[in-house]
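The values are calculated or read from the model by the stated rules, or taken from the named source; none is laboratory data. Everything quoted here is computed from the prediction, not taken from an experiment. With ideal geometry, Cβ positions are generated from the backbone for all residues, glycine too; neighbour counts draw on all protein chains shown. SASA here: full protein model, heavy atoms, side chains in, ligands and nucleic acids out. Shrake-Rupley method; radii C 1.70, N 1.55, O 1.52, S 1.80 Å.
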Amino acid sequence: MPNIILPASLDDENEQTRAVYARYGAATYAASLLEVEFIHILATIEQQKADSAGRTLREDPWKKRYANGTMGVFLDALRGKRLLDAHPGLAEGLDTALDARNHLAHQYWWDEIGDADSRTGRSNMLCYLEQQRADFDRLTCQIRQNITLPLNPPARVRRQLPAEDAQTREMYALFGAAVYFANCIEVGLINILAIADVKHAKALQVRIDDPWDRRFADKKLTMGKLFSDVERGGHLAGRPGLAADLESAVNSRNELAHHFWVPRIEDSLTEAGRHRLIKDLEHRREAFEIANNSMDTLVIAPLMESMHISQEQRDHFEQGMQFRNQHKYGD
């Protein structure tokens, strides 16, 4: 992997971890270029129909879709227009790509949390993420060659992955780091709810299923739902600043997962635009880290203390988990 230049705030991350962040950012960016290709096709068809009928569209069909919709919605629209029927295997490949993109957006860091601490695990992550990036790029090229170009769209809508200079890799890496730190907040929210469950069960002297396993296994559990459950449980009572920071973190994380790259493609293709994106992503990552640290200090630590779990015991447990993760492959 090439060297990745990151700001001083991430200097404590080893080079391989930074490479994982960058490959994650590159994979999600490539998925967004595939989504952009869907948008171009649908917008081109809408514009051509209006031109044929001599109508003037009230809203730019590209801008309208950039602001609304998801990759799944756009793919369904392509199916509805039967644009994929003449290309065997393409629909199935796009379904797989959609599943992969959703996994990256929602479950990837949870699923790989153990591997992230291991050299061999991170190497596996790098291989997987690079394969996903290559698959998204291959499908984008197929869509463009077989559908977009025959439609004769305006030249301005053609896109390709930018060359990965140091600044582009930094942009990718900061995106990956921001999503990872958002995931740390999700884990913190799960910790609050799980510790509260255990505390309640102990008070009632009843046995319960592992509340951590139950939530980590729930593929439909979102950061927004976790935040709502924590707020509804009264765990943020008397801490309006923390509640506001966490709500802002949820909104920021959702934008990263669903709408960050697509409307910013133009910025990602210029040095000045990438600089703006880097500052934005660095700010988001820092905000996630601050919110997570505040949640740990103001909510999780007091919960632990109420169960007579000292900080020393907690540190020892976390160090043991990290040791097991680091040596799971015999590194």
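What to note about this one:
- Subset of region 266-293 [part of a helix (DSSP H, G or I), touching a residue at least 40 places away in the same chain (Cβ under 8 Å) and farther than 25 Å from MET223 by Cβ]: GLU271, ARG274, HIS275
- Residue within region 80-93 that is in a helix (DSSP H, G or I) and within 26 Å of PHE288 (Cβ to Cβ) present: no
- Qualifying residues in region 242-265 (those that are part of a helix (DSSP H, G or I) and free of Cβ contacts under 8 Å to residues at least 24 places away in the same chain) - the one nearest to ALA196 (Cα to Cα): ALA243
- Any hit, region 213-231, residues being part of a loop (DSSP other than H, G, I, E, B) and aliphatic (A, V, I, L, M): yes
- Test for ILE39: is it under 26 Å from the mean Cα position of the chain (by Cα) and touching a residue at least 24 places away in the same chain (Cβ under 8 Å): yes
- Within region 53-77, being modelled with pLDDT under 90 and assigned to a helix (DSSP H, G or I) holds for PRO61, TRP62, LYS63, LYS64, ARG65, TYR66, ALA67.
- Qualifying residue in region 192-200 (condition: acidic (Asp, Glu), in a helix (DSSP H, G or I) and open to solvent by less than 60 Å² (accessible area, probe 1.4 Å)): yes
- In region 216-237, the condition of being β-branched (Val, Ile, Thr) and buried (at least 18 other Cβ atoms within 10 Å of the Cβ) is met by at least one residue.
- Pairs, first within 20 Å of TYR172 (Cβ to Cβ) and without any contact (Cβ under 8 Å) to a residue 60 or more places away in the chain in region 115-144, second surrounded by fewer than 19 Cβ atoms within 10 Å (Cβ to Cβ) and of a type in the set (A, V, I, L, M, F, W, C), C-beta under 9 Å, six or more apart: ASP135/ALA100
- THR96 being modelled with pLDDT under 95, of a type in the set (Val, Ile, Thr), open to solvent by 30 Å² or more (accessible area, probe 1.4 Å) and part of a helix (DSSP H, G or I): no
- Here the condition is being at pLDDT 95 or above and at negative phi; of ALA8, ALA27, ALA105, ALA50, it holds for ALA27 alone.
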